[in-house]
Structures are given as structure tokens and as C-alpha cells.
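Asker: Here it is, the structure in full.
The values are calculated or read from the model by the stated rules, or taken from the named source; none is laboratory data. Every value quoted in this text rests on a predicted model; they were computed, and no experiment measured them. Using ideal geometry, Cβ is built from the backbone for each residue, glycine included, and neighbour counts are taken over all protein chains shown.
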Amino acid sequence: MSNDLIMERTYPAPPRAVYDAFLGMYGENRQDWIVESRLDLRPGGSWRVVFHPPGLEAFTENRVLSAVEPPHRLAYSMTALFPRQPGFSTEVELTFAPEGAGTRLILTQRGFPDAATRDEFAGGWSGVWDMLTPGEHEAGSAG
């Protein structure tokens, strides 16, 4: 069995609104548990995110953007750093595909060290996507 993660969800909004809402979740519309987000939104740019979900220790994701193709694609290499366990690296690709009057958001994240880590991240992504509300906020940046 592969340790890759593939998730899909459809939103009733055009790709630009979903793309902007995704980035906005790490910028002006971010949750309290995303305690830091610094983004240089260009291929080769860095994106550092510090998470501190309720009940868990804080951890950092250092990201390097490999594709920035608004509003259809965002891809990056991610290295997760944890205080009391080994870190790891993955490749992440988000595709924002038109589907009818809405958008199908497809996540592919490859390279997890094991199925348990993949499944833990799947739960985190699911929670993030539950909070994604395209069209409710103005477009912005994650910097």
C-alpha cells in the first residue's frame, strides 16, 4: 500500500475564489492555531508555516514552492519539523479544477514515511478543508 495521500472535495465557487480562500487561510483569514505564515508566492519562493493545533505540540512546515499557477495549481516541497520526533519531507500538489459552476480541489501529497503519518495528515487536511469558505472573504495573501 502506498503512503501517498490523495484527497478531493468540490466547492460551489469558481477556481479563483477557492484558490484565494486557500491562501487566505494562511494569511489574513488564518485560524488561531496557525501561529505563523510567511509566504514568498513565486516558484522557488519559501513558505514557512508554524502550526499549534489544540491539544498538540507546535510544529513547523518549511515549504519551497515549485509551481504557482493561479488559480489552477499550487505545488511545493514540504519539510515537517517536530519537537520530539523525526521530521520528514513530502511533495504537495493542489489542483483547483473547474467542475460545473464550482471547483474540484484535488490534493496529492507524496512521500510520507508511513501510513500512520499519512493518515494523521489526512485528518489535518480534512479539518482545513472544512474551514475553507470561498467567497466569504476578500482575496489576499498568506504573507
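Asker: Is there a residue being within 20 Å of Trp129 (Cα to Cα), free of Cβ contacts under 8 Å to residues at least 60 places away in the same chain, surrounded by fewer than 14 Cβ atoms within 10 Å (Cβ to Cβ) and not aliphatic (A, V, I, L, M) anywhere in segment 12-32?
Answerer: yes
Asker: Still on this structure, I have one more. Looking at segment 1-34 only, could you name the residues that are at pLDDT below 95 and assigned to a strand (DSSP E or B)?
Answerer: Ile34
Asker: Among (1) surrounded by fewer than 17 Cβ atoms within 10 Å (Cβ to Cβ); (2) among the hydrophobic types (A, V, I, L, M, F, W, C); (3) within 14 Å of the chain's Cα centre (by Cα); (4) over 15 Å from Trp125 (Cβ atoms), there is one condition Phe82 misses while meeting the rest; what is its number?
Answerer: (3)
Asker: Here's something else I'd like to know. Please go through segment 53-73 and pick out each residue that is surrounded by fewer than 14 Cβ atoms within 10 Å (Cβ to Cβ) and without any contact (Cβ under 8 Å) to a residue 24 or more places away in the chain.
Answerer: Pro54, Gly55, Leu56, Glu69
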